[in-house]
Amino acid sequence: MLNKQYEDFLDNNKVKHLRMKIARSRKAISPILATLLLIVIAVAAIVVTYAWIMTYMSNAGQQAGVKLYKANVNFYTQGGTKKIDVDIGNSGTSGTNITKIYCGTSEANRPEQTPSQTLPLVLNAGAIATVTINYNWTSGATFYFKVVSLAGQTMEWPEQAPTS
């Protein structure tokens, strides 16, 4: 009987000892899991930020590749025919082609024009190209232009014809 009690006592001590060991190990697991969780969150945040920045940079790079601008618009008459010279510049880092030009008396009424030059018209990076259209313009009136490049970039602006 004494042996039995002694064995029970030892078993209870072993159980208590195991419980204490497990309790201690649980305390040690918590900081490890917390650290791993923070690392996983940080890596996920870095991946999301990288994806966002790469998307932004690729879009910004494409837009900077071709940047159209209006260099000059000249209304004149030559041999009884009214004409408009439109100088289009490209301040971007890539060349493009001008594929269409529109001109009209309002934004809603702006039909496609056929220029004197053959389209598509090459427009290199840092260059200016002139597009000449025959158009019966009126002195002092405002005309609405739109230029479209091969890549789909558009540039729109109004321009007033000279009064005399």
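A short reminder: the numbers here are calculations on the coordinates, not readings from a lab. It should be emphasised that the depicted structure is a prediction, and the values quoted were computed from it without experimental measurement. Cβ sites come from the backbone with ideal geometry, for glycine too, and all protein chains shown count toward neighbours.
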Consider segment 144-164. How many of its residues are under 18 Å from ASP85 (Cβ atoms) and in contact with a Pro (Cβ under 7 Å, 6 or more places away or on another chain)?
1
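Rundown of residues vs (1) surrounded by fewer than 11 Cβ atoms within 10 Å (Cβ to Cβ); (2) touching a residue at least 24 places away in the same chain (Cβ under 8 Å); (3) in a strand (DSSP E or B), yes/no style:
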{"site": "GLN117", "(1), (2), (3)": "no, no, no"}
{"site": "ALA125", "(1), (2), (3)": "no, yes, no"}
{"site": "THR130", "(1), (2), (3)": "no, yes, yes"}
{"site": "THR138", "(1), (2), (3)": "no, no, no"}
{"site": "PHE143", "(1), (2), (3)": "no, yes, yes"}
{"site": "VAL148", "(1), (2), (3)": "no, yes, yes"}
{"site": "SER164", "(1), (2), (3)": "yes, yes, no"}
From the list VAL73, VAL43, VAL66, VAL47, exactly one residue is in contact with a Gly (Cβ under 8 Å, 6 or more places away or on another chain) and of a type in the set (Val, Ile, Thr). Which is it?
VAL66
Residues (surrounded by fewer than 18 Cβ atoms within 10 Å (Cβ to Cβ) and in a strand (DSSP E or B)) located in segment 84-101
ASP85, ASP87, GLY89, ASN97, THR99, LYS100
Counted residues in segment 150-162 being more than 32 Å from the chain's Cα centre (by Cα) and touching a residue at least 24 places away in the same chain (Cβ under 8 Å) come to 2
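How about segment 104-115: which of its residues are surrounded by 18 or more Cβ atoms within 10 Å (Cβ to Cβ) and part of a loop (DSSP other than H, G, I, E, B)? Even if it seems obvious, please write down each step before you answer.
Step one: of segment 104-115, the residues surrounded by 18 or more Cβ atoms within 10 Å (Cβ to Cβ) are 113, 115.
Listed by number, the list holds a single entry, GLN113.
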